[in-house]
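Computed from the coordinates by the stated procedures, all read-outs in this text should not be read as laboratory data. Remember, predicted model here, so these are calculated numbers, not experimental data. Every residue, glycine among them, receives a Cβ derived from its backbone with ideal geometry; neighbour counts consider all protein chains shown.
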Protein chains: 2
Amino acid sequence: MSGIIKSSGLHIGVLGGGQLGQMLGLAGIGLGHRFSFLDPAERPPAAQVGRHIRAEYDDPEALERLVRECDLITLEFENVPEATARWIDQHAEIAPPPQALAIAQDRLTEKLFFQQQGLAVAPFVALDTAEQAQSAFAEINGPGILKTRRLGYDGKGQVRFEDSDGVSAGFEQLGRVPCILEGLVDFEREVSMVCARRADGQMAFYPLTENEHQNGILYQSRVLTDDPLQQPAQSACRAVADALDYVGVLTIEFFVRNGELLVNEMAPRVHNSGHWSLGGAVCSQFENHLRAILGWPLGSTKPHSAALMRNLVGAMPQPSAVLQLPGVLLQDYGKSARPGRKLGHITLLAADQTTLDAQSEKLEQALADTPFG
Amino acid sequence: MSGIIKSSGLHIGVLGGGQLGQMLGLAGIGLGHRFSFLDPAERPPAAQVGRHIRAEYDDPEALERLVRECDLITLEFENVPEATARWIDQHAEIAPPPQALAIAQDRLTEKLFFQQQGLAVAPFVALDTAEQAQSAFAEINGPGILKTRRLGYDGKGQVRFEDSDGVSAGFEQLGRVPCILEGLVDFEREVSMVCARRADGQMAFYPLTENEHQNGILYQSRVLTDDPLQQPAQSACRAVADALDYVGVLTIEFFVRNGELLVNEMAPRVHNSGHWSLGGAVCSQFENHLRAILGWPLGSTKPHSAALMRNLVGAMPQPSAVLQLPGVLLQDYGKSARPGRKLGHITLLAADQTTLDAQSEKLEQALADTPFG
């Protein structure tokens, strides 16, 4: 990234064309830009808002085309090969920096990086061979989660264990690939922070959200106001983003244990826990990602209402059943239904927290009552 | 319109592909729909968010294709030939109803229709021939505006006059087409209301906006809160929409004289004076138009902040210059610059009216200071 302020009417290339790409495109078209999306899927959600280059992420011809037709490249999928990002970096402008991608792709590298920044993480041990299972378990000395170092998301690439036999079995199940063992954190809550950073170091931070997961998939994010951990989380985000010379939106997930933050992982992109900002803040995370990579002034991250985001996983509700509730905004990614697949989300807005809680109950009732489909 | 509640994932056809179509598409893709736009322009703004069928509005093949590939047809341009709307109505579902289009296209028919609904309009006389100039002027007996009955917009098709010679000259200038003569209304302000109506008669009303024009083109719309004319305007909108069995977003422009409403004209579509709702209300006029034609519950029209909309006409500012002000949202339609052309708009949001006024001054300063281009 040169850090030069970009003009209007640019052609922006995006690695990945899922719902995050679609929402980036919807925000960017409104700002006067146009898009190309590289994605191997046949008809990914973002194909509706730009040119779809259908190819694998390491296809040389596709990458050359992307670089040729775009003024600036970014990404919405963090498992793009590091080599792809490095190649683009040599031939065009890319944000976030490839190094951020490389670190986020490997759970071990990522944890070591967090520790280098002075940030606390959950106890962990690297595990490369079946022989190490016993000693690794001994170090953690209790139940935990075995995770592949690479290519895990939405609960995939993870196995819970109780004892060293469980570690061994899990290691087989995950295909004997390099893993890390994480001790189970007895956390009070999970929170995340979405922030944006420009090349000149300016940053904007969204409020923390408290996240609930089901089967390893994000279920709901509630926007926290005046949370005592907002400042510590911002400091952690700044440390990470500055160390990486980061440009764009960055997300960090934390566990809260004894009222203190433990860094869990980061995503070098817009994030599901920031979807509430679409309609719930003056400037959404999607627009702020684009503003950041364009060198434009960052927009207000302030929620204008009490807000929560509820994912729609596996099946979509009847729109009428949920839209009749006040303060409901529906986002439908246009994907075909499949168990465990994120198909859309609802942002719920209310004048205050009490009303939001009451509306949230009604929403859950409506979702439970309605035949999905 | 059958009034049946539609499902998700529909293909919506739009007559017209300008910025209104683009913003309809941006709202609708997020709701899970896809779009085709019929527009004779080479690369209209909406081409970014759907399939562009490039053809004239009366091209039989293009209309057949539109009807074949779309589940539902609507419009964003009111000068589509009435015959086109009627043909579509016989072969597919179209909203708003063709009758609304027919009435809005002819200033005389429109004024007579308003009067039939018991609504007050400015004094007017029809003028079909040069010979009628003298007597028409005598009836108005003062300065006014001569307007073509058909195809006028953004100050086009209008001539001011002071005397009967002015009327004659204006009639020549406008090409001797049927006109109406309107007496100049000594109004205190111009306001408009955007509302949405479903086939079952349910309606949602946005707050009135106070509109300022420059050279016949809308310059700025300010959202009015608790205006005493809100209820009378809603009643007028309901009378008009009910009489037309209207479905979709409808806009009515009014003059305010002696504190009372005089209906000026209507637009059977989303409207420039409602653009503030994109980012300024929970549910924008674009989303509410789609919700209305789909039979979905209408969304909240309530502004979450003090808001105004400022058009960007003829040239665009440097994005950085305006986005650095808090509460600024920029919409760039991606059109090439041309004098008098609407290229984008800014929505300005603030916590209260006083802050909004101060921010508005700063915005005007930024726009004046910045080299446009």
Kirkwood Rh for region A:1-94 from C-alpha pairs, in Å, is 13.0 Å
Taking the Cα-to-Cβ direction at A:Gln365 and at B:Glu42 and moving 7 Å from each Cα, how far apart do the two end points lie in nm? 5.8 nm
Among A:319-326, A:227-234, B:202-209, how do they line up by average Cβ neighbours within 10 Å per residue, starting with the highest? B:202-209, A:319-326, A:227-234
Region B:83-133 shape via C-alpha gyration tensor axes, a/c threshold 1.5: oblate
In terms of Cα to Cα distance under 16 Å, which aspartates and glutamates are near enough to B:Lys342, apart from those fewer than 8 places away along the same chain? B:Glu76, B:Asp154, B:Glu212, B:Asp332
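Nearest 500 deg cm²/dmol is fine: what mean residue ellipticity at 222 nm does chain B get from its DSSP H runs of n ≥ 4 alone, each adding -39,500 (n - 2.57), divided by its residue count? Don't skip to the end; give the middle numbers.
Details: 12 runs with 117 residues, N = 373.
Only helices count here, giving -9000 deg cm²/dmol.
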Entries in A:Lys6/A:Lys335; B:Lys111/B:Lys156; A:Lys6/A:Lys302 that, when Cα-Cα distance is taken, lie over 27 Å: A:Lys6/A:Lys335
Chain A - percent relative contact order, Cα under 8 Å, separation 6 or more: 14 percent
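Step by step: find N for region B:145-210, compute 2.2 N^0.38 Å, then divide the Cα radius of gyration by it. What's the final number? Walk me through the numbers before you get to the answer.
Numbers: Rg = 16.7 Å, N = 66, 2.2 N^0.38 = 10.8 Å.
Normalised by 2.2 N^0.38 Å, the Cα Rg of region B:145-210 equals 1.55.
Given axes a ≥ b ≥ c from the Cα gyration tensor, I'd like to know whether the protein assembly as shown is rounded (a/c under 1.5), prolate (a/b larger than b/c) or oblate. Mind showing how you got there, number by number?
Numbers: a/c = 2.18, a/b = 2.12, b/c = 1.03.
Prolate is the answer for the protein assembly as shown, as a/c is 1.5 or above and a/b outweighs b/c.
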With a point put 7 Å past each Cα toward its Cβ, work out how far B:Ala120 is from B:Ser336 in nm, to one decimal. 4.8 nm
Which order do peptides B:258-271, B:166-179 fall in by mean Cβ count within 10 Å, highest first? B:258-271, B:166-179
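Rank-order A:273-279, A:9-15 by packing density, defined as the average count of other C-beta atoms within 10 Å over each peptide's residues, highest first. It would help to have the intermediate numbers written out before the result.
Values: A:273-279: 28.0, A:9-15: 22.1.
Most protected by this proxy first, the peptides run A:273-279, A:9-15.
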Quote the relative contact order of region A:1-134 in percent (integer), defining contacts as alpha-carbon pairs under 8 Å separated by 6+ residues. 21 percent
How do A:Arg160, B:Arg222 rank when sorted from fewest to most other Cβ atoms within 10 Å of their own Cβ? A:Arg160, B:Arg222
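Does region B:306-369 classify as rounded, prolate or oblate by the C-alpha gyration tensor (a ≥ b ≥ c root eigenvalues; a/c under 1.5 gives rounded; else a/b over b/c gives prolate, otherwise oblate)?
Working: a/c = 2.18, a/b = 1.92, b/c = 1.13.
Note, shape of region B:306-369 comes out prolate.
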Need one number: nm distance between label points at A:Tyr219 and A:Asp71, each 7 Å from Cα along Cα→Cβ, rounded to one decimal. 4.5 nm
For peptide B:30-37, compute the average count of partner chain beta-carbon atoms within 10 Å of each residue's beta-carbon. 5
If unit charges are put on Cβ atoms (+1 for Lys and Arg, -1 for Asp and Glu) and the dipole of region A:85-153 is taken about its Cα centre, the option from A:Gln116, A:Ile145, A:Ala92 lying farthest towards the positive end turns out to be A:Ile145
I'd like to know which of B:Pro81, B:Ala46, B:Leu26 lies farthest towards the positive end of the charge dipole of region B:1-94, counting +1 on Cβ of Lys and Arg and -1 on Cβ of Asp and Glu. B:Leu26
Out of the DSSP beta bridges found with both residues in the protein assembly as shown, what percent are antiparallel (nearest 5)? 80 percent
Amide N of region A:59-89 lying under 15 Å from the label point, which is placed 7 angstrom from the Cα of A:Lys156 along Cα→Cβ: A:77-81
